[in-house]
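Student: Input: one structure, supplied below.
Every number here is computed from the coordinates shown, using simple stated rules; none is lab data. Keep in mind it's a predicted model, so treat the numbers as computed, not measured. Cβ coordinates were reconstructed from backbone atoms using ideal geometry, including for glycine residues, and neighbour counts include every protein chain displayed.
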Amino acid sequence: MTDETHITVVRGRPDAAELAAVTAVLLALSRRDREPDQEEKAAYADWTVRNAGHRVPSWPGR
C-alpha cells in the first residue's frame with residue numbers, strides 16, 4: 001500500500017475476531033489497486049442472469 005494506515009484501539013483489548021476483521025480489511029485495501037490473478041477472479045454464475053432460458057417458478061404469491 002502506498003498510503004499509511006493507522007489503527008487506534010480506543011477502549012479495551014481487541015479479541016481474535018476483531019483482529020481478524022481488521023486484517024481482512026487491510027488485505028482488501030492492499031489488493032484494491034491491482035488486477036486480480038486468473039485464479040482469484042470470480043467464476044461466472046449463470047443463475048444470476050435473468051431469464052437465460054430457465055422457466056420462471058410459479059410461486060403462490062404471484
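Student: Please work out how much length the chain gains when fully extended from residue 13 to residue 32, using 0.36 nm per residue of separation minus the C-alpha to C-alpha distance, in nm with one decimal.
Tutor: Values: separation 19, 0.36 × 19 = 6.84 nm, distance 2.84 nm.
Gain on stretching residue 13 to residue 32: 4.0 nm.
Student: Moving on to the next point. Modelled label-to-label distance, residue 5 and residue 22, 7 Å Cα→beta-carbon offset: nm?
Tutor: Distance between label points: 1.1 nm.
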